[in-house]
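The values are calculated or read from the model by the stated rules, or taken from the named source; none is laboratory data. Keep in mind the model is a prediction, meaning the values are calculated, not measured. Reconstructed Cβ throughout: ideal geometry from the backbone, glycine too, with neighbour counts over all protein chains shown.
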Amino acid sequence: MAKILVLYYSRTGHTKTMATTIFDELKTCNAEADLINLKDLYYNTLPEYDAFIIGSPNYFGSMTGEMKSFFDKSVMHYKKLNGKLATAFTSEGIIGGGGDTVLLDILKACMVHLIFQQKEALILL
Ligand SMILES: Cc1cc2nc3c(=O)[nH]c(=O)nc-3n(C[C@H](O)[C@H](O)[C@H](O)COP(=O)(O)O)c2cc1C
């Protein structure tokens with residue numbers, strides 16, 4: 001069975017609530033999934049997962065600095081995550097506050113990791 005990581009950063013709890021909701025739904029479907037707060041992540045575990053669901057609050061239309069730092073550190077696994085899947089979620093303060101660009105921000109980083117040399121996976125993103 002595919003193993004899924006729901007990974008989130010949250011300062012005031014909104015993104016954590018979304019992550020918990022997603023995780024609970026995965027469990028309802030009997031999926032094998034872990035829910036991890038970014039500050040508790042062990043980076044060496046990343047290759048164990050088949051799919052990533054990554055959430056960050058909207059900070060000025062981008063993921064937070066902490067989540068960007070996650071991607072920067074995750075370069076230790078560059079080219080080792082090929083063929084895996086990823087999707088993203090975000091929370092924001094106002095409707096139209098730029099959440100769409102946050103999702104693109106996260107997915108752009110995921111694409112470098114997950115679909116390098118795997119163009120067909122682009123459709124799945
Ligand atoms: C530094 C900072 C920048 C923010 N920038 C935006 C923004 O550009 N657009 C928006 O809609 N909300 C913005 N917000 C609001 C947060 O995205 C929102 O409160 C979010 O739900 C916080 O998530 P959390 O509770 O998981 O920490 C910003 C908040 C902070 C602290």
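Would you point out which residue out of LYS73, LYS84, LYS79, LYS16 is within 20 Å of LYS108 (Cα to Cα) and at pLDDT 95 or above? Exactly one residue qualifies, and that residue is LYS73.
Can you confirm whether ILE22 is assigned to a strand (DSSP E or B), within 14 Å of the chain's Cα centre (by Cα) and within 24 Å of ASP100 (Cα to Cα)? Judged against the criteria, ILE22 is not a match. With respect to (1) free of Cβ contacts under 8 Å to residues at least 40 places away in the same chain; (2) surrounded by fewer than 19 Cβ atoms within 10 Å (Cβ to Cβ), the lone exception for HIS14 is condition (1).
Looking at ILE94, ILE106, which is the one that is within 16 Å of the ligand (Cβ to nearest atom) and either in contact with a Leu (Cβ under 7 Å, 6 or more places away or on another chain) or not in a helix (DSSP H, G or I) (or both)? Of ILE94, ILE106, the one residue that is within 16 Å of the ligand (Cβ to nearest atom) and either in contact with a Leu (Cβ under 7 Å, 6 or more places away or on another chain) or not in a helix (DSSP H, G or I) (or both) is ILE94. Only one entry in ILE94, ILE53, ILE22, ILE4 is surrounded by fewer than 17 Cβ atoms within 10 Å (Cβ to Cβ) and aliphatic (A, V, I, L, M), namely ILE94.
Among the candidates ASP40, ASP34, ASP24, the residue that is of a type in the set (Asp, Glu) and within 16 Å of the ligand (Cβ to nearest atom) is uniquely ASP40.
If I filter the stretch 56-72 down to residues being assigned to a loop (DSSP other than H, G, I, E, B) and in contact with a strand residue (DSSP E or B) (Cβ under 8 Å, 6 or more places away or on another chain), which single residue comes out as farthest from the ligand (Cβ to nearest atom)? Among those that are assigned to a loop (DSSP other than H, G, I, E, B) and in contact with a strand residue (DSSP E or B) (Cβ under 8 Å, 6 or more places away or on another chain), it is MET63. Looking at the stretch 5-19, is at least one residue farther than 20 Å from LYS68 by Cα and within 16 Å of the ligand (Cβ to nearest atom)? Yes, there is a match, as at least one residue in the stretch 5-19 is farther than 20 Å from LYS68 by Cα and within 16 Å of the ligand (Cβ to nearest atom).
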